[in-house]
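The values are calculated or read from the model by the stated rules, or taken from the named source; none is laboratory data. These numbers come from a predicted model, not from an experiment. Reconstructed Cβ throughout: ideal geometry from the backbone, glycine too, with neighbour counts over all protein chains shown. Surface accessibility is based on the protein's heavy atoms, side chains included, excluding ligands, DNA and RNA. Shrake-Rupley method; radii C 1.70, N 1.55, O 1.52, S 1.80 Å.
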Amino acid sequence: DIQMTQSPSTLSASVGDRVTITCRASQSINSWLAWYQQKPGKAPKLLIYKASTLENGVPSRFSGSGSGTEFALTISSLQPDDFATYYCQQYNTYSPGGTYTFGQGTKLEI
Amino acid sequence: QITLKESGPTLVKPTQTLTLTCTFSGFSLSTSVVGVGWIRQPPGKALEWLALIHWNDDKRYSPSLKSRLSITKDTSKNQVVLTMTNMDPVDTATYYCTHMTALRGFDYWGQGTLVTVSS
């Protein structure tokens, strides 16, 4: 069973800052990693898939990197709309019996 | 346009079985490398993946909840049903269903449904 560990749990930042959230898998997941943004009372929204591919309509200030077990989500210049909770998730569908574990989340606050 | 909507009871008693239905449109669950998953989120806590069913009826379950979960699909009705047995107050959460592709992961989500477990 693959475990996903995000850090930090909470991140305080200001508008215009560059921030990075990291996610570590307990074993290699190649690039089968997604990042989601969730705002209070709303369903999560897909931001990045396959570790570094930006979902359609997501601003280019978001970027993802990494492979294997170490991954990162970077927001290059924080905007007011970016203050939310972010989750990573591994999703290796092609792995027999594989699961779809989420990280514990990172709350990005002002 | 892909949409998903969860339906089911808002209140269940401890030890009861929860049955949730995901009704979707805009895709077919008979299409290759497509799946429908269930995720839950207790109030103020993190997302937890529960189960997923693939287009080929391959079923995956969270190891920690596997003994209590069952997921099935009805392709003709565009529905996926999740059952969870022996409900407990700690299972109080918003339950989401999602569309999944092998490439993009969980790319479309339902609005979620809050299920409260209480006597």
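Looking only at residues of segment B:109-119 that are more than 22 Å from A:Gln90 (Cα to Cα) and assigned to a strand (DSSP E or B), we find that the one that is farthest from the other protein chains (Cβ to nearest Cβ) is B:Val117.
Within segment A:53-73, count every residue that is open to solvent by 20 Å² or more (accessible area, probe 1.4 Å), touching a residue at least 24 places away in the same chain (Cβ under 8 Å) and either within 14 Å of another protein chain (Cβ to nearest Cβ) or polar (S, T, N, Q) (or both). Residues flagged as open to solvent by 20 Å² or more (accessible area, probe 1.4 Å), touching a residue at least 24 places away in the same chain (Cβ under 8 Å) and either within 14 Å of another protein chain (Cβ to nearest Cβ) or polar (S, T, N, Q) (or both) within segment A:53-73 amount to 2.
If you go through segment A:76-90 one residue at a time, do you hit one that is within 20 Å of B:Ala93 (Cα to Cα), aromatic (Phe, Trp, Tyr) and more than 10 Å from every other protein chain (Cβ to nearest Cβ)? Yes, there is a match, as at least one residue in segment A:76-90 is within 20 Å of B:Ala93 (Cα to Cα), aromatic (Phe, Trp, Tyr) and more than 10 Å from every other protein chain (Cβ to nearest Cβ). Scanning segment A:1-37 for residues that are open to solvent by less than 70 Å² (accessible area, probe 1.4 Å) and within 12 Å of A:Cys88 (Cβ to Cβ) yields a count of 15. Just give me the residues in segment B:54-108 being acidic (Asp, Glu) and assigned to a loop (DSSP other than H, G, I, E, B), in sequence order. Residues satisfying the conditions are B:Asp57, B:Asp58, B:Asp88.
Checked against the criteria, B:Thr23 counts as part of a strand (DSSP E or B), open to solvent by 50 Å² or more (accessible area, probe 1.4 Å), farther than 30 Å from A:Thr5 by Cα and in contact (Cβ under 8 Å) with a residue 12 or more places away in the chain. Scanning segment A:96-110 for residues that are surrounded by fewer than 17 Cβ atoms within 10 Å (Cβ to Cβ) and either more than 10 Å from every other protein chain (Cβ to nearest Cβ) or in a strand (DSSP E or B) (or both) yields A:Lys107, A:Glu109, A:Ile110. Of the residues that sit in segment B:33-42 and are open to solvent by 10 Å² or more (accessible area, probe 1.4 Å) and within 11 Å of chain A (Cβ to nearest Cβ), which one is nearest to B:Thr75 (Cα to Cα)? Selected residue: B:Val34. Residues in segment A:38-52 that are more than 8 Å from chain B (Cβ to nearest Cβ) and open to solvent by less than 10 Å² (accessible area, probe 1.4 Å): A:Leu47, A:Ile48, A:Ala51. Residue selection: B:Leu52 fails the criterion of being in contact (Cβ under 8 Å) with a residue 12 or more places away in the chain, at the interface with chain A (Cβ under 9 Å from one of its Cβ atoms) and surrounded by fewer than 16 Cβ atoms within 10 Å (Cβ to Cβ).
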